[in-house]
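Where a number appears in this text, it was derived from the coordinates with a stated rule and is not lab data. All of these numbers come straight from a predicted model, not from anything done at the bench. Here the Cβ positions follow ideal geometry from the backbone for every residue, glycine too, while neighbour counts run over all protein chains shown.
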Amino acid sequence: MVHEDNNNLATSEHDDGAINTMIMEKNVEEANLITQELNDLGLGEDISTDKFRGYLCQLPQERDSPVDISTQLNFDQLDAQNELHELYRVKYYKLLQQVPRTGSKLDHDTMIEQYPFDMSKQLEEVLMCFENDGTLDSVDDEVLWEVLKCFDYTFVWYFHPEYCKLAALVDYQRLVIKNYGCMYANWDRYHMYFNTYDVEKQYAKYYVELSKKLKWGKVSNRGLYQAVKIATGFPKITAKLAYLGFHELVSSMNYDVCFFKELDGVYFEIWQRVTKQKMSFRDAMKEVYELNRFPVRQQKMKYVLEINDCSQWEAEFHTCTACITEEVAEDEVLGLIAEAVKKLRDKPRFYDDYIRKKIEIARAIGLITTVES
């Protein structure tokens, strides 16, 4: 009996593995078809190789040498830096208290709950001292250490301890955004670029311009040439940053195509049939598949219909339509489904997202004093 159960388990695992392999093959096939379709369209600005090289030569040169890691701050400089960083953290906490409570902001109660001991009194002492004279000189060292440790535990940013030792860097370059849940696609690279505020600010503007000019949303060989041409309008954007922006934008586009494109339309058509015609989910999907209106999703719909397992799609469908009540007008349904589709998966964040969060923190704690559009 045990032997039979083991055989059944092995067979089940083999079947699951075979199904997963088939799904992976279908995903790869679908991705290849999408890529081929996008390349064949050849959209974008037609730029010759010679013009491309000309634009490339207009971009500023990379740094001749990497950041100097041999020269470190002395003890007095480190002490002064530590005191300044302590003030930054207290200032940031106080700023959070002035923001209306939202799910994305850290409030006092949440912080106390997250940190594994009651530190209300210590926090009150630190804040009172800070408010009285703008320093933390009169706070007991042990109390201050506990409060700052709490801040470090709960804040979404920190000053990298190794970067804090390097004399060649400024505090903006030492500032690092935490990578909760691996939200950033290449976080380990982003914080090691050591770009200045001026460079990162310009990269963010370049990325916006790039997304506008390449908004045809298709990937082609012309895209990179056009990206370099756009970069010539930003005097601090090097070829390396221009390439980075292009490839990350392509990754963002591909992610949207693979996981979001047309899915809202598919679920809207299914919703109409399920709610109005009282069809089963599978029958509704079959009818939508036969419409042949959603080329990006056709292969995947065909596959799940063939294996007679629409469970994952059906679960996602119910998630995306859960907010649609009888009071919702039909012309609003597609928009609501589209919003829900984008929440199905946590899309990776890129260098542009990392920069924007970093600049937000830097402004909040006073590393940046100017406010620019």
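Overview of values
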item	result
Karplus-derived HN-Hα couplings along the stretch 180-193 (A = 6.51, B = -1.76, C = 1.60, θ = phi - 60°), whole Hz, x at Gly and Pro	4, x, 6, 6, 9, 4, 9, 3, 4, 8, 3, 7, 9, 5
Length gained when the stretch Asn179-Ala80 is fully extended (0.36 nm per residue, less Cα-Cα span)	32.9 nm
Of Lys205/Lys358; Lys212/Lys240; Lys205/Lys229; Lys178/Lys212, pairs whose Cα-Cα distance is over 23 Å	Lys178/Lys212
Hull shadow area, averaged, the stretch 293-373 [alpha-carbon convex hull, nm²]	9.7
Neighbour cut-off at most 12 other Cβ (10 Å), DSSP loop, GluC sites (Glu not before Pro), the stretch 245-342	Glu326, Glu327
Shape call, the stretch 263-322: gyration tensor on alpha carbons, a/c limit 1.5	rounded
Stretch gain in nm, segment Thr369-Ala322, where the contour uses 0.36 nm per residue and the Cα spacing is subtracted	12.5 nm
The stretch 239-373: C-alpha gyration tensor shape, a/c 1.5 cut-off, then a/b vs b/c	prolate
Projected label distance in nm at Lys278 and Ala167, using a 7 Å step from Cα toward the beta-carbon	8.2
